[in-house]
Structure formats: structure tokens, C-alpha cells
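The values are calculated or read from the model by the stated rules, or taken from the named source; none is laboratory data. Note that the coordinates shown come from a computational prediction; the quantities given were computed from them, not determined experimentally. Cβ sites come from the backbone with ideal geometry, for glycine too, and all protein chains shown count toward neighbours.
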Amino acid sequence: MMTLIPKEVKLWIQEGPGALHYAWYPGYATTVVMAKQHEFSYDFNLTIIKDEMFIYCYDEHDIMRLGDLVKSKHKQDSKYTQKLIEEWKPRVNAMYDLGNDIDHIDLTLFLDDELVDLFERYTNLYNEEYAIPILGDAIGYYCEVEIKKLLMKHLKELGRENEFNQILSIIAQPVKDSFITKEKNELLELVIKFMNNENIDNQLEEHRKKWKWIQNNYERGIILEKEFFLVRIKDHAREPLDKIQNKLNNYEGEFKNSVEKKKQLIEELNLEEELKLVITIMEEYGHWQDVRKKANLIAHHYIGVFLREVSRRMSIPLEDLEQGTYMPDIIAILNKTNTDAVKDGKLIKEVIEARKDIVGMIHTPNSSIVYNHEDSKKLYEEVQLQYEQTGGKDILGTVANTGKVIAVAKVISGPKDFEKLEQNEIIITSMTRPEFIPIMKKAAAIVTDEGGISCHAAILSRELGIPCIIGTKIATKTIKDGDLIEVNANHGIVSKIIK
């Protein structure tokens, strides 16, 4: 029987909240656009959106090929990644500059053709900037595989293999702050002023302008108002002032100490050059990936601005544009032309409704296909066949932060599930994102299907000091709400407790 997924493809899968419009860009950028810009690209990307969740896949062989290529380039030139970053900066800065211009433009005054031109300019800049740093997805996974293999070999030679998870957790520590941490610390500075009865109105507005995009994801572009940040400030203000001040004052020192601890451990272990090289590559791409995520969230803010204007002027529900269209459809709506979902500038209702149910895409360097409803369902079935894993009582994953806890589990797919989580329960999710931060502070532990040792869940769990196991692949499919589980993040094992 003919399959839509080539038989030689071994899927590497990520999941999260998603809508067609926002989830289309990554797949297109990583294949079609990247291939035009560089000597390398991903050869295959598959994306499915179902039940407001995306399934985002590369070919694992592709990832290892790109990882080998980058490692080889680094051996020839230690500044290889830095040169790529310098090549990327003008592209992302051009996108930021156009976004700043849009902030001062009244889109309601634009004619349709003028709006099309601006929308195309912005989304093309987004695709072009995305196409370079998305290499970090491959490199993060590749480095994790290589580090685990080389580190275990080295520790066995030293007779210290029983320390593997603890040592891996330290080695995986980032060496630069994430944008999430920077925003949190800037907000804490406002919290202190608020608690000292200072007027923070102007500073709060500046904070909003700077970080208005921070709750975005691949489901929608959320435009945050001052009230969102004020609520967070008041929430922090429930803690004693001296605790807030200590938290802010101690962070920089604690971060420097963790970086120094990592450096000393690497020296103590006398790691071989190959392993040290892979750790360096992981650090460089880990930070670049964080900066890239910031750029993505900012882009989604402005794409959301465009979609809201199209919704207003064409009297189309915003949900239909987010969940039922992608970039060429928006252009067709404004130009009064045709696509599979648009006829003479009008949405084809049955196509939009079918896409809101399920829609699948496959991108390669030479093609970009958005499938119809029946083929999308077939594509989903093929993915599920690859995703199925057999296993016993225990679920295995990678240790992101050590510790051990027994508590009730809650499966959290996205913001709509946040209210389910009670204090000191365990988050079970595909992967965490910035909007998860408030509930992560309540959690006793975190378990994810996806993610590598430098992913968002790994970084935040270390900051919060809670056990975290990542990359289990099957946790959300095996664990149910209310299950009592043990998260043994000293050994990377999640176990159900029989009541």
C-alpha cells in the first residue's frame, strides 16, 4: 500500500499547542527556504495539526546527518557557528525593524494591495531569518545523543558510571541567560518598586512594549496588555519583600556559580577532545536556539496583528484564519484570487472546517504540500504507527534535573489545561513553553514526551529546583490525570504507583 511518509523516514517528533497558520512557517522555512539559502537543509518535515495541537516531525537520519556536518565544520573552523550567527543577525534585525515600523502604522488605513505587500514583506523576512537558527533543533538532539554516548564511555573508564545522570545534569547547564529569565528578573525589579509604593505606570508600559509577545506560541499570536503584567506583579508581591530582593540579588551569583561548577567538573573529568567539542557546540546552539525562539514569538505577535486586521476588514472569524489558513491563503483573500481554501477572495467554508478538524503538511526542499482532509487523516494514522511503543510499567527518559518525588499526575497539553494542576502535582506534557511558567512554579516535578537536555523544561526545572525527566516519548499517552506516580529523576524512570 502506498504511504504518504517515505518508508525510509524515521520520525523525530515534537508536539505542542498549534494552529495551521503559525505552524506552517517552520516546516516551510526549514526545507524550502533553508535549501535556497545554504549548502544544507532539512530534507523532510511533516506537520499535523489536530485538536489544536501540532505534531512536528523531522527525519531522524536527517538530524544525525546535519549534526555530523556541523561537527565536521567545527573541527575545520572553531568559529563556524559564530559565523552563521553573524550571517543571521542582519536578517533577524530586518524583521525586528519592520515590526517596529508596524507598531507605528495604522493598518486600517491601508488599501488591500498595500496590506498584502506589507504582509508578504514581513512573513518573507520571518521565513528567511527562521531558516538558519532552526538548525538548532537538529543540533540539540544530535549533541544529546553524542554526549550521552561519549560521557557514559568516559565515566565507565573512570569507574563513575553510577554518577552519569548527576554529571549529565551539570554538563547540560546553559552558560548564558534565557530570555525568559531576563524578563522574569526585570519584572521582579518592578515588583520591588511596586511593594515600595513607587509609581510604576510608565515603567510597566515600557515592560509591556518590550515583552508583549512572551505568551505567544504556535497556536495564536497573543497581544498582551499592561493588566497581564500587573497581575503577575501583584502575584509576586504576596511574598515578603526581602525574599523578592534576595531572589533577584542572588540569581546572578547562583548562575555564575553553576557555570563555574560545570567548568570545574569538565576539568576534573579530563574529558576527551571530541566530547568537549560536542559540549561546546551544544552550548552555542542552545543559546542561539533560545534567541531564535524569542524571534519566533515576536514574529507571531506581528502575524497576529495582520490576521486581526484581515479578520476585521473581511468580516472573517479570527479562529478561521488562524486554524484554517496559511500564508498564501491570506494573500489570496486580499488579492481576491484562488487557493485550495479560497475562491475569488472568499474562504471555502467546507475546506476551512475540514482543516480545523485536522490538517497535515509535508515539506521538502523542492515542494510544500498541504493535504486535504482525507489524506491528512491518513498521514496522522501513519505517524501514530511510528509513534507506538511497547513498554511495561516504567517509562524511561533523560534526566534534566535530579530528584525524586511521588505525587498525583496531571496531563497538561496547553493553557486550556492549566487550571487542572494543583499545588505539588506533577506536570505531564509533550513539552513546556514560556506560557507554562506560572504552573511550573506549582509543580512537584515535570515529565515531558519531547525535548533535549537544553530544552525549556530542563532549564526551568533547574532554576526551580524540581525533578525533571524529558524525552520519554510516551508519558502523555501512558499516564492519565489522577495517576499516582513516582518520578525518579536520579535514574530517569517514571513509575505508576498501584493504589
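If we keep just the residues of the range 285-296 that are over 19 Å from Arg220 (Cα atoms) and not aliphatic (A, V, I, L, M), which is surrounded by the fewest Cβ atoms within 10 Å (Cβ to Cβ)?
Residues of the range 285-296 that are over 19 Å from Arg220 (Cα atoms), as a first pass: 285-291.
From what is left, the residues that are not aliphatic (A, V, I, L, M) are 285-290.
Working: Tyr285: 26, Gly286: 25, His287: 19, Trp288: 21, Gln289: 22, Asp290: 21.
The residue in question is His287.
Quick grid of which residues meet (1) surrounded by fewer than 21 Cβ atoms within 10 Å (Cβ to Cβ); (2) closer than 30 Å to Leu69 by Cα; (3) more than 20 Å from the chain's Cα centre (by Cα):
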{"site": "Tyr126", "(1), (2), (3)": "no, yes, no"}
{"site": "Ile170", "(1), (2), (3)": "yes, yes, yes"}
{"site": "Asn185", "(1), (2), (3)": "yes, no, yes"}
{"site": "Ile192", "(1), (2), (3)": "yes, no, yes"}
{"site": "Asn197", "(1), (2), (3)": "yes, no, yes"}
{"site": "Gln203", "(1), (2), (3)": "yes, no, yes"}
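Identify the residue in the range 153-168 that is at pLDDT 95 or above and assigned to a helix (DSSP H, G or I) and, among all such residues, is surrounded by the most Cβ atoms within 10 Å (Cβ to Cβ). Looking at the filtered set, the residue picked out is His154. A single member of Ala299, Ala237 is touching a residue at least 24 places away in the same chain (Cβ under 8 Å), in the same structural domain as Leu204 (by TED's automatic domain parsing) and buried (at least 17 other Cβ atoms within 10 Å of the Cβ), and it is Ala299. Considering the conditions (1) within 22 Å of the chain's Cα centre (by Cα); (2) part of a helix (DSSP H, G or I); (3) surrounded by fewer than 19 Cβ atoms within 10 Å (Cβ to Cβ), Lys176 is excluded by exactly one of them, (2).
Return a yes/no flag: does the range 464-485 have any residue that is on the phi > 0 side of the Ramachandran plot and at pLDDT 90 or above. Yes, there is a match, as at least one residue in the range 464-485 is on the phi > 0 side of the Ramachandran plot and at pLDDT 90 or above.
Go through (1) buried (at least 18 other Cβ atoms within 10 Å of the Cβ); (2) among the acidic types (Asp, Glu); (3) touching a residue at least 60 places away in the same chain (Cβ under 8 Å) for Asp329 and report which single condition fails. With (1) buried (at least 18 other Cβ atoms within 10 Å of the Cβ); (2) among the acidic types (Asp, Glu); (3) touching a residue at least 60 places away in the same chain (Cβ under 8 Å) applied to Asp329, the lone miss is (3).
Consider Leu307 carefully, then state whether it is over 21 Å from Tyr122 (Cβ atoms) and touching a residue at least 12 places away in the same chain (Cβ under 8 Å). Walk me through it before giving the result.
Values: over 21 Å from Tyr122 (Cβ atoms): no; touching a residue at least 12 places away in the same chain (Cβ under 8 Å): yes.
In short, no.
On the basis of being touching an Asp or Glu at 6+ places or on another chain (Cβ under 8 Å), part of a helix (DSSP H, G or I) and crowded, with 22+ Cβ neighbours inside 10 Å, does His61 make the cut? I'd like the intermediate steps shown before the answer.
Working: touching an Asp or Glu at 6+ places or on another chain (Cβ under 8 Å): yes; part of a helix (DSSP H, G or I): yes; crowded, with 22+ Cβ neighbours inside 10 Å: no.
Considered against the rule, which asks whether it is touching an Asp or Glu at 6+ places or on another chain (Cβ under 8 Å), part of a helix (DSSP H, G or I) and crowded, with 22+ Cβ neighbours inside 10 Å, His61 comes out as no.
Okay, residues lined up against (1) in contact (Cβ under 8 Å) with a residue 40 or more places away in the chain; (2) loosely packed, with under 15 Cβ neighbours inside 10 Å:
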| position | (1), (2) |
| --- | --- |
| Arg312 | yes, yes |
| Gly324 | yes, no |
| Glu353 | no, yes |
| Tyr371 | yes, no |
| Gln384 | no, yes |
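Of everything listed in (1) modelled with pLDDT of 95 or more; (2) under 28 Å from Val145 (Cα atoms); (3) part of a helix (DSSP H, G or I), the single unmet condition for Leu385 is (1). Just one of the listed residues (Met282, Met361) is surrounded by 18 or more Cβ atoms within 10 Å (Cβ to Cβ), closer than 26 Å to Leu11 by Cα, assigned by TED's automatic domain parsing to the domain that holds Thr30 and at pLDDT below 95, namely Met282.
Taking strands (runs of 3 or more DSSP E) that do not extend beyond the range 399-483, which have at least 3 residues that are surrounded by fewer than 22 Cβ atoms within 10 Å (Cβ to Cβ), over 19 Å from the mean Cα position of the chain (by Cα) and outside the structural domain of Gly286 (by TED's automatic domain parsing)? So that I can check it myself, show each step before the final result.
Numbers: elements: 404-411, 426-429, 445-448, 468-470.
Result: 404-411.
Among the listed residues Gly18, Gly67, which satisfies the condition of being farther than 25 Å from Gly324 by Cα, in contact with a Phe, Trp or Tyr (Cβ under 7 Å, 6 or more places away or on another chain) and assigned by TED's automatic domain parsing to the domain that holds Met327?
Only one candidate passes the filter, namely Gly67.
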